Every structure is written in structure tokens, then in C-alpha cells.
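The values are calculated or read from the model by the stated rules, or taken from the named source; none is laboratory data. Keep in mind it's a predicted model, so treat the numbers as computed, not measured. Note that each Cβ is placed from the backbone with ideal geometry, even for glycine, and that neighbours are counted across all protein chains shown. We work out accessible area using only protein heavy atoms, side chains counted, and drop any ligands, DNA or RNA first. Shrake-Rupley method; radii C 1.70, N 1.55, O 1.52, S 1.80 Å.
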Amino acid sequence: PNPAVVEDGLAVLNRRVVKINQRGRTSLFISNRHLITFNYIPKIPLIPDYERTFLMEMAMAGDIEYLEKFRQDLKEHRFALIVIEPLYGQIRGPNENVIFREENNAWVEQVAVYIRCYYQEDLLLKDLQIQLFVPDPIPNKAQCPTEP
């Protein structure tokens with residue numbers, strides 16, 4: 001992207017993270033953690049259990065205990081801001097010739113729907129491939145999975 005677009009996007013993200021940090025709340029960087037590592041975003045505590053790759057591993061493994069803890073944290077709005085790559089919610093069928101179909105489906109079913117259930121999109125920095133979510137005071141029933 002254009003350097004000015006990158007700078008503007010990082011400035012917006014920085015302001016939001018600083019504001020949340022000043023209020024004593026937590027920002028969860030599921031992805032884009034390198035922005036903290038390389039000081040594009042002020043140092044904030046990272047939640048290692050909820051890094052994108054680890055979340056994906058647990059979703060693929062079907063680790064219910066881990067996933068339930070994550071979902072409970074979402075339900076309780078533990079995080080004032082979630083920073084993640086754009087979430088897509090399309091389940092891929094068995095006849096679709098799509099690479100990583102199983103991984104996509106595990107991510108959508110085990111992670112993405114729960115983020116969209118308890119959080120609402122606040123901002124999409126499309127050129128940076130960063131999406132911000134904030135707590136949704138009323139769970140989005142259309143996005144929430146049905147309980148068994």
C-alpha cells in the first residue's frame with residue numbers, strides 16, 4: 001500500500017490501543033503482533049494463548065477445553081479491542097477445490113463465529129489487512145452458533 005495509507009492506518013490503530021491501555025483495558029492482538037515487536041504500536045501485554053497460529057492449532061485439534069476458555073473470554077468481553085486479519089465466515093464444502101479447506105472450516109466454526117457473536121466490527125483497515133473488533137453489548141444472535 002501507499003506509505004501514507006500505512007502511516008494513517010497505524011496512527012489510527014495506535015490511538016485506539018493507547019486509549020484502551022490508558023483505561024486499564026486489554027487489547028488482544030490475534031494477528032499483526034509484529035507491530036508491537038517492532039514498536040509500531042506501544043508495548044502492551046501480549047496474550048500468548050490467543051495468537052493466531054496457536055488458535056488455529058487448537059481449532060484443528062478440536063481442543064474443547066482450550067476453545068471453551070477462549071469463548072468464555074469473548075463472552076465476558078475480556079478484551080476491549082481485538083486486532084486480527086479480516087475475518088471471513090464462509091464454510092467450504094467437500095466438493096470445492098479449495099486449498100486448506102479443512103483449516104478454513106475449523107477456523108470459521110471454532111473461532112471466527114464466536115468473535116462475530118460477541119464482538120462487532122469497529123474498523124477495517126483494508127489496505128493493511130487489519131480488522132478491529134470491539135465488544136458488542138448485545139450478542140449478535142445471527143452470528144452465534146447454536147448450542148448443542
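Would you call I91 open to solvent by 70 Å² or more (accessible area, probe 1.4 Å), at pLDDT below 95, of a type outside the set (D, E, K, R) and in contact with an Asp or Glu (Cβ under 9 Å, 6 or more places away or on another chain)? It is true that I91 is open to solvent by 70 Å² or more (accessible area, probe 1.4 Å), at pLDDT below 95, of a type outside the set (D, E, K, R) and in contact with an Asp or Glu (Cβ under 9 Å, 6 or more places away or on another chain).
Taking the range 97-112 as the search range and keeping residues that are modelled with pLDDT of 90 or more and not aliphatic (A, V, I, L, M), which one is most open to solvent (accessible area, probe 1.4 Å)? Spell out how you get there, then give the answer.
Of all residues in the range 97-112, those modelled with pLDDT of 90 or more come to 106-112.
Next, from what is left, pick out any that are not aliphatic (A, V, I, L, M): 107, 109-110.
Working: W107: 19, E109: 92, Q110: 44 Å².
Per the criteria, the residue is E109.
From the list I130, I82, which residue is β-branched (V, I, T), at pLDDT 95 or above, in contact with a Gly (Cβ under 8 Å, 6 or more places away or on another chain) and on the phi < 0 side of the Ramachandran plot? Let's see the steps before the verdict.
On the way: I82 fails: in contact with a Gly (Cβ under 8 Å, 6 or more places away or on another chain).
Sole residue among the options that is β-branched (V, I, T), at pLDDT 95 or above, in contact with a Gly (Cβ under 8 Å, 6 or more places away or on another chain) and on the phi < 0 side of the Ramachandran plot: I130.
Among the residues of the range 28-61, just one is free of Cβ contacts under 8 Å to residues at least 12 places away in the same chain and at positive phi, namely N39. Of all residues in the range 48-85, those that are open to solvent by less than 20 Å² (accessible area, probe 1.4 Å) and in a loop (DSSP other than H, G, I, E, B) total 2. Note on the range 107-119: residues that are over 11 Å from A80 (Cα atoms) and either touching a residue at least 40 places away in the same chain (Cβ under 8 Å) or part of a strand (DSSP E or B) (or both) amount to 8.
Look at the range 13-27: where a residue is in contact (Cβ under 8 Å) with a residue 24 or more places away in the chain and a partner is surrounded by 14 or more Cβ atoms within 10 Å (Cβ to Cβ) and in a helix (DSSP H, G or I), sitting 6+ places away or on another chain with Cβ atoms under 6 Å, you get S27/V17; S27/I20.
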